[in-house]
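Everything on this sheet refers to the single structure shown next.
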């Protein structure tokens, strides 16, 4: 059946409403002479607002009617920066650039029209930004006083991370061309400014040979250029030299996630080849300063994920989370390691009631897969299992307190949160395993974890469920269509027809299907073999769907087609459509409704007689 969301949640010790309300998140921490700034998302009103912290006090700068969020490349990022006397931000509703002074004056529009903007930076008195004009992209500069706009560079398919050297003489950025993605092959580019203040012809510093992903270029105070590159297997810091790039000392580990969004900051160069960075080991994040003598000063403490780094002489600032606390803005004193929580970090449950992640590394079809296991907090000795499949699929899950996972463990479910082969955080080779194998290795990993956990007596293999959003929804539907492991599944704005996705999706992912599965025409047989919609008759278990009507990534028709095919086959299936949601739900009421309906659906399935 098809329904709209009109039911109210039942009262529970840890309700869907509480789980969603705890989903406050932060992004894009910035530090400047006027203090610390961050972008804060609150699900209660689905808005993103800039907060300003100084002298121990924080207050909101974003007035009613504004929400700070970019939608460049659909996933956005880099939605605000600091100017000399205020902030520059992208307004969510019109995607235009605004300036706002700190004393509380109303924001003033710098741009007008239909273009979208992201990855905004402020340098040399100008706003630098990625500009998206339908399917064309370029780097532009915008004068805050006159609103005059100038094109800096164009003709590549995609741009990211414009950054200007402190002396104003060199502009660096990342660009890439179709059919590549930013985590497969990019180029580090540099343009020199002439004495007449004109930008000369850009040159490629790294990445011209392909098979190398570069991200987050940085200049230090001596105008030396650095960048992260995975040319030796992991995203690690390298420095420009006369002969190209030289690797800095450090851990053989990824120092950044896949750049789905613009504006990432997971490392910063200091003086004399020193740098502060976060990196991933066994799925857990670590934080430290690599000094000029290559020694390591560790600042990880109790946290397991770090984002959006900033620092001054006294402290490191970042967005951090731990297995028992959600995302928070924290300050770590560099001399004492003392941590001060400036915002967020309030756990919705006492620490002794939180199910904590246990590292998973398990065999799957000749290789190893990774993830995290969360034991059920009560109930059966061998509880039912929910397998979480993250989106992307070139993305990752993290061992931090996720109220959605705790919602399940509080109800007697164990959870396996998977970083199946193809996920980030385990190096380029692991990430590349998904090449032409989407719908195969991810499905094998999702099924193998059930056997692995059941063989250890940790879960009931006959009550295993699978759920995922976006690309995770595709893995979910493939597992239900091609394997006989799960008792039911949930697809949240999931892909049911990859050919239709390749035809209808946006430019950023326009060639992604070719990398994941192959050419839709040349490899039509492979697509047919991995299209859940064409194999709906193989699905013999109940499925529930959740879909935003404004989704431009996975269009709603995909869900409607899959639902119709299942219902025609007599399979218990239902769907909920949300008229005001895009790709990924943002409104608290919708998130809570979907979470509770999924739980009720599984309860109903477990009370029925299995085939």
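The values are calculated or read from the model by the stated rules, or taken from the named source; none is laboratory data. Predicted model only: the values in this text are computed from it and were never measured. Glycine gets a Cβ as well: all are built from the backbone with ideal geometry, and neighbour counts include every protein chain shown.
Could you please give the count of residues in segment 239-259 that are within 18 Å of residue 211 (Cβ to Cβ), part of a strand (DSSP E or B) and in contact (Cβ under 8 Å) with a residue 24 or more places away in the chain? Qualifying residue count, segment 239-259: 2.
Of the residues contained in segment 220-228, none is found to be over 22 Å from residue 311 (Cβ atoms) and in a loop (DSSP other than H, G, I, E, B). In segment 584-600, is there at least one residue being free of Cβ contacts under 8 Å to residues at least 24 places away in the same chain and either touching a helix residue (DSSP H, G or I) at 6+ places or on another chain (Cβ under 7 Å) or farther than 11 Å from residue 493 by Cβ (or both)? Yes.
The set of residues in segment 102-128 that are in contact with a strand residue (DSSP E or B) (Cβ under 8 Å, 6 or more places away or on another chain) and at pLDDT below 95 comprises 102, 106, 124.
Being farther than 30 Å from residue 76 by Cα and not assigned by TED's automatic domain parsing to the domain that holds residue 188: is that true of residue 280 here? So that I can check it myself, show each step before the final result.
Working: farther than 30 Å from residue 76 by Cα: no; not assigned by TED's automatic domain parsing to the domain that holds residue 188: yes.
Judged against the criteria, residue 280 is not a match.
For segment 401-413, enumerate the residues that are assigned to a helix (DSSP H, G or I) and in contact with a helix residue (DSSP H, G or I) (Cβ under 8 Å, 6 or more places away or on another chain). Before you say what the answer is, go through the steps one by one.
Taking segment 401-413 as the starting set, the residues that turn out to be assigned to a helix (DSSP H, G or I) are 403-409.
Residues satisfying the conditions are 403, 404, 406, 407, 408.
Could you please let me know if residue 460 is out of contact with any helix residue (DSSP H, G or I) (no Cβ under 6 Å at 6 or more places or on another chain) and in contact (Cβ under 8 Å) with a residue 24 or more places away in the chain? Considered against the rule, which asks whether it is out of contact with any helix residue (DSSP H, G or I) (no Cβ under 6 Å at 6 or more places or on another chain) and in contact (Cβ under 8 Å) with a residue 24 or more places away in the chain, residue 460 comes out as yes. Listed by first and then second residue, the pairs with beta-carbon distance under 6 Å, at least 6 apart or on different chains, first residue in segment 348-359 and without any contact (Cβ under 8 Å) to a residue 24 or more places away in the chain, second surrounded by 19 or more Cβ atoms within 10 Å (Cβ to Cβ) and not in a loop (DSSP other than H, G, I, E, B), are 358/373.
Here's the yes/no breakdown for (1) surrounded by fewer than 24 Cβ atoms within 10 Å (Cβ to Cβ); (2) farther than 23 Å from residue 606 by Cβ:
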site: 381; (1), (2): yes, no
site: 385; (1), (2): no, no
site: 389; (1), (2): no, no
site: 400; (1), (2): yes, yes
site: 407; (1), (2): no, no
site: 414; (1), (2): no, no
site: 422; (1), (2): no, yes
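Exactly one residue out of 232, 211 is farther than 19 Å from residue 191 by Cβ and at pLDDT 95 or above, and it is 232. Test residue 273 against the criterion of being surrounded by 19 or more Cβ atoms within 10 Å (Cβ to Cβ), more than 16 Å from the chain's Cα centre (by Cα) and not in a strand (DSSP E or B), and give yes or no. Against the criterion (surrounded by 19 or more Cβ atoms within 10 Å (Cβ to Cβ), more than 16 Å from the chain's Cα centre (by Cα) and not in a strand (DSSP E or B)), residue 273 qualifies.
Residue by residue through segment 283-327, note down the ones that are out of contact with any strand residue (DSSP E or B) (no Cβ under 7 Å at 6 or more places or on another chain) and either in the same structural domain as residue 398 (by TED's automatic domain parsing) or closer than 19 Å to residue 24 by Cβ (or both). Break it down stepwise before answering.
Step one: filter segment 283-327 for residues out of contact with any strand residue (DSSP E or B) (no Cβ under 7 Å at 6 or more places or on another chain), giving 284, 292-295, 313, 322-325.
Result: 322, 323, 324, 325.
Please work out if residue 434 is closer than 23 Å to residue 498 by Cα and either surrounded by fewer than 18 Cβ atoms within 10 Å (Cβ to Cβ) or in the same structural domain as residue 584 (by TED's automatic domain parsing) (or both). Answer is yes for this residue. Listed by position, the helices (runs of 4 or more DSSP H) contained in segment 496-546 that have at least 2 residues being under 25 Å from the mean Cα position of the chain (by Cα) are 498-504, 512-516. Residues that are surrounded by fewer than 14 Cβ atoms within 10 Å (Cβ to Cβ) and assigned to a strand (DSSP E or B) occur at least once in segment 337-345. Considering only residues in segment 71-91 that are over 18 Å from the mean Cα position of the chain (by Cα) and assigned to a strand (DSSP E or B), the one that is nearest to residue 216 (Cα to Cα) turns out to be 81.
Report yes if residue 396 is part of a loop (DSSP other than H, G, I, E, B) and touching a strand residue (DSSP E or B) at 6+ places or on another chain (Cβ under 6 Å), otherwise no.
On the way: part of a loop (DSSP other than H, G, I, E, B): yes; touching a strand residue (DSSP E or B) at 6+ places or on another chain (Cβ under 6 Å): yes.
Judged against the criteria, residue 396 is a match.
Checked against the criterion of being surrounded by 14 or more Cβ atoms within 10 Å (Cβ to Cβ), closer than 24 Å to residue 432 by Cα and touching a strand residue (DSSP E or B) at 6+ places or on another chain (Cβ under 7 Å), the candidates 172, 206 yield just one match: 206.
Considering only residues that are in a loop (DSSP other than H, G, I, E, B) and touching a residue at least 60 places away in the same chain (Cβ under 8 Å), which ones fall in segment 414-436? Hits for segment 414-436 are 424, 425, 426, 427, 433, 434, 435, 436.
What tally of residues in segment 260-270 results from selecting those that are outside any loop (DSSP other than H, G, I, E, B) and more than 12 Å from residue 309 (Cα to Cα)? Spell out how you get there, then give the answer.
Kept after step one, since they are outside any loop (DSSP other than H, G, I, E, B), are these residues of segment 260-270: 262, 267-269.
Right, trim to more than 12 Å from residue 309 (Cα to Cα) and you get 262.
Of the residues in that region, 1 qualify.
Contact annotation: residue pairs with Cβ atoms under 6 Å, 6 or more positions apart or on different chains, pairing a residue in segment 126-137 that is in the same structural domain as residue 160 (by TED's automatic domain parsing) with a partner that is surrounded by fewer than 19 Cβ atoms within 10 Å (Cβ to Cβ) and at pLDDT below 95, are 135/507. For segment 345-387, a residue qualifies if it is out of contact with any helix residue (DSSP H, G or I) (no Cβ under 7 Å at 6 or more places or on another chain) and within 20 Å of residue 22 (Cα to Cα), and the qualifying residues are 345, 346, 347, 350, 351, 352, 353, 356, 357. Being within 26 Å of residue 46 (Cα to Cα) and either assigned by TED's automatic domain parsing to the domain that holds residue 406 or without any contact (Cβ under 8 Å) to a residue 12 or more places away in the chain (or both): is that true of residue 535 here? Answer is no for this residue. Report yes if residue 383 is within 19 Å of the chain's Cα centre (by Cα), part of a loop (DSSP other than H, G, I, E, B) and assigned by TED's automatic domain parsing to the domain that holds residue 440, otherwise no. No: the conditions fail for residue 383. Entry remark, segment 562-587: residues being surrounded by fewer than 16 Cβ atoms within 10 Å (Cβ to Cβ) and part of a helix (DSSP H, G or I) number 2 in total.
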